[in-house]
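Worksheet for the structure shown next.
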Amino acid sequence: MATRTTLHVEVVTAERELYSGEANEVNAPGSEGRMGILPRHAALLTALAPGQLVVKLNGAEDTLFVSGGFMEVSNNNVTVLADAAEYGEEIDETRAQEARRRTEERLAQTQDNAERAELEAALQRAMARLRVVELSRRRGGRRIQMPHSEE
């Protein structure tokens, strides 16, 4: 249950729930730039850009990659509905580097504006995934310990 110093956070995709718990802060890649959400934040509905989503709780933090989606803030609850999302330690760094390399090669060769826009978006996603891998490595991976629910 969210308190005056925390908010309740849910991060979900169509496939799974990645995070469900309390946080002191959420830092998200909004479509207009990075945004920080603290307890008692005003109501908000925004599109998310590809990038890192950071959930902080009592000095620990979880870093996730989100490929886009939406975030709603209301009544001390933050709901992230991501198109796709994964923790940094789940990302295959070699595969992400290869995707970046292939996309850069195709981008250098394309003349079509529509294809160029798609490739630039794919490159942005690949670069964001690699940044999340690096941040997770530096911070030691997922650090927030979720309480086990009793059934």
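For the chain, with equal point scatterers placed on the C-alpha atoms only and solvent neglected, what are the log10 I(q)/I(0) values from the Debye formula at q = 0.12, 0.15 1/Å, to two decimals?
-0.53, -0.78
Could you work out how far apart the two model spin labels at residue 58 and residue 32 are, taking each label as a point 7 Å from the Cα in the direction of the beta carbon, and quote it in nm?
My value for the distance between the label points is 3.5 nm.
I'd like the trypsin sites (Lys or Arg not before Pro) in region 1-110 restricted to DSSP loop residues with at most 15 other Cβ atoms within 10 Å, sorted by number.
Here the trypsin sites (Lys or Arg not before Pro) that fit, given the DSSP loop and packing criteria, are 4, 16, 40.
Heavy atoms only, probe 1.4 Å: what % of the accessible area of the chain goes to carbon and sulfur, would you let me know?
About 47 percent, which is the carbon plus sulfur part of the accessible surface.
Normalised by the number of residues in the chain, what is the relative contact order in percent for Cα pairs under 8 Å and 6+ residues apart? Working shown, then result.
Values: 304 pairs, mean separation 33.1, N = 151.
Relative contact order of the chain: 22 percent.
If amide H atoms are built 1.01 Å from N in the plane of the peptide, which residues on other chains or at least 5 residues away come under 5 Å of the amide H of residue 49?
Correct list: 30, 31.
Using DSSP to define loop residues, name the GluC sites (Glu not before Pro) in region 1-78 whose beta-carbon has at most 15 other beta-carbon atoms within 10 Å.
15, 32
Helix 93-109: angle to the longest alpha-carbon principal axis of the chain, degrees 0 to 90, nearest 10?
Here the helix axis deviates by roughly 40 degrees.
The values are calculated or read from the model by the stated rules, or taken from the named source; none is laboratory data. If you're wondering where the values come from, they're calculated on a predicted model, not measured in any experiment. Every residue, glycine as well, gets a Cβ built from its backbone with ideal geometry; the counts of neighbours run over all protein chains shown. All accessible areas refer to the heavy atoms of the entire protein, side chains included, with ligands and DNA or RNA removed. Shrake-Rupley method; radii C 1.70, N 1.55, O 1.52, S 1.80 Å.
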